[in-house]
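These notes concern the structure reproduced below.
The values are calculated or read from the model by the stated rules, or taken from the named source; none is laboratory data. As the structure is a prediction and not an experimental result, all values here were calculated from the model. Cβ atoms come from the backbone with ideal geometry, glycine included; neighbour counts cover every protein chain shown. When the accessible area is computed, the model is the full protein with side chains, heavy atoms only, and any ligands, DNA or RNA have been set aside. Shrake-Rupley method; radii C 1.70, N 1.55, O 1.52, S 1.80 Å.
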Amino acid sequence: MTYEAILTALADPTRRAVLDRLRGGALPVGRIADGLPVSRPAVSQHLKVLLEAGLVSMTTSGTRNHYALVSGGAAPLVDWLGDLHATCIAPDPVPGWYRSLTTRLSVAETWQLFCEDIAIWWPVARISLSAQNDGALPQVVVLDAKAGGRLREVLFDGTEGTWATVTAAQRPARIDLDWRLGTPQGSKVAVILAAEDGGARLTLRQDAESEIVAAMWDMVLERFAAAANASLSNF
């Protein structure tokens, strides 16, 4: 039996009332119908639906049919609901440290600013491979927001430095990164976007927590918020 048939059977309040009456054990149709706001023939039709859904069984004793709950009859629905629950409460692949902010932009606009227009607002003078190495500042910062893409800096001579690799991207809701800037050993970063009244919420998670990481993202998100709210540029 499929969970769809069980859901259909449970959609009717009379059928739910019939099931409640059978919790105490098997009953004939007359006892089941007693006190219900429907006729006995209508109860028989409801019992037929419950039989077809595998929720009740019928046995004959003389001239009377007795109905009882089927042990485990709702298992397909329970399993289906269990799968939904597991999906909802599954731990985020990037637990631990996070920051969150809201913007007046839509989710799509927030995605565009964070991913496609990152060069406009990213504080390269403070946060970049070049800044760490006291070298020439990047000419541009590029985020290829697709699985296998890179977040990279490009210098005036064309050389590049990779900050992160995109492991997954769900435009415009989420982008996951194998992050290296500030964590050379590697860490996981997730940027999650969701609609909120009057705009969008951006949540950033990273599985590496340190004062350096926190200071880096505080600066980055401060500049991002400024760009989102006032179209500021650091170039």
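Things to note:
- Residue selected from the stretch 119-136 under the condition closer than 16 Å to VAL220 by Cβ and in contact with a helix residue (DSSP H, G or I) (Cβ under 9 Å, 6 or more places away or on another chain), by the criterion most open to solvent (accessible area, probe 1.4 Å): ARG126
- Tallying residues that are open to solvent by 10 Å² or more (accessible area, probe 1.4 Å), among the hydrophobic types (A, V, I, L, M, F, W, C) and either over 23 Å from ALA195 (Cα atoms) or over 27 Å from the mean Cα position of the chain (by Cα) (or both) within the stretch 148-177 yields 3.
- Taking first residues from the stretch 224-235 that are within 19 Å of ALA200 (Cα to Cα) and modelled with pLDDT of 50 or more and partners that are part of a loop (DSSP other than H, G, I, E, B) and open to solvent by 80 Å² or more (accessible area, probe 1.4 Å), the Cβ contacts under 6 Å between residues at least 6 apart in sequence or on separate chains come to ALA226/LEU232.
- Close pairs (9 angstrom Cβ cut-off, 6 or more residues apart or separate chains): surrounded by 13 or more Cβ atoms within 10 Å (Cβ to Cβ) and assigned to a loop (DSSP other than H, G, I, E, B) in the stretch 19-39, hydroxyl-bearing (Ser, Thr, Tyr) and modelled with pLDDT of 90 or more anywhere: ALA26/SER57; ALA26/THR59; ALA26/TYR67; LEU36/THR14; VAL38/THR14
- In this entry, GLN185 passes the filter for residues that are open to solvent by 40 Å² or more (accessible area, probe 1.4 Å), at pLDDT below 90 and among the polar types (S, T, N, Q).
- Taking first residues from the stretch 49-77 that are surrounded by fewer than 13 Cβ atoms within 10 Å (Cβ to Cβ) and partners that are in a strand (DSSP E or B), the Cβ contacts under 7 Å between residues at least 6 apart in sequence or on separate chains come to THR59/HIS66; ARG64/PRO28.
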